[in-house]
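Undergrad: Attaching a single structure in structure tokens format; questions to follow.
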Amino acid sequence: MTRKQRRLTMIGGSLAVLAIAAALVLNAMRDSIVFFSTPTMAAEKQIPPGKRFRLGGLVQPGSLVKGDNLAVNFSVADGAATLPVAYKGILPDLFREGQGVVAEGALDASGVFKADTVLAKHDETYMPKDVADALKKQGHWKDDYGAKPGATAASAPMQGASK
């Protein structure tokens, strides 16, 4: 073999090993690519009791029931299906009825999702109160920070545009 043939063989072998490693990693992560399952997806997949997954959706209005020792029950809906959730712990500050939520846990034998972690979701226009107050104090606050995207974009002048 010439030097060029050995070099091409080494490069080809390295690429083959890299492709096999990438295929193994992607195959192992195939179930983890979805960040959460909705109640409809959970029903369609027929997830067995005890298997851990993430449940995402909106907290059903009127379903929040607080019990003793930080126990909370609520329902998560996605428009087509609803799944009851039981959680014991401190809820996030943004958690409320009608708000998006992602819970981690498993279904029990009775079909109730037993969550051990609850994360509240917010939209892209969310800004923590202390950050908004600091911006107002420094004079950097713009009135359209809390507005929905596209609502005031046409009427607001462009900042920093030269005339």
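No value in this document is a laboratory result; all are computed from the given coordinates. No experiment lies behind these values; they were computed from the predicted model shown. Glycine also receives a Cβ, built like all others from the backbone with ideal geometry; neighbour counts cover every protein chain displayed.
Undergrad: Which far-off residues, 5 or more places away or on another chain, put their amide H under 5 Å from the one on residue 54, with H placed in the peptide plane?
TA: Correct list: 37.
Undergrad: With the cut-off at 31 Å, tell me which of the pairs 51/121; 66/121; 88/129; 66/137 have Cα atoms farther apart than that.
TA: 66/137
Undergrad: If contacts are Cα pairs under 8 angstrom and at least 6 residues apart, what is the relative contact order of the stretch 50-131 in percent?
TA: Working: 169 pairs, mean separation 24.8, N = 82.
Relative contact order, the stretch 50-131: 30 percent.
Undergrad: With Cβ to Cβ distances under 12 Å as the rule, what net charge do the other residues near residue 64 carry (K, R +1; D, E -1)?
TA: Cβ neighbours under 12 Å give a net charge of +1.
Undergrad: When you count, for each residue, the other Cβ atoms within 10 Å and take the mean per peptide, how do 8-20, 39-51 rank with the highest first?
TA: 39-51, 8-20
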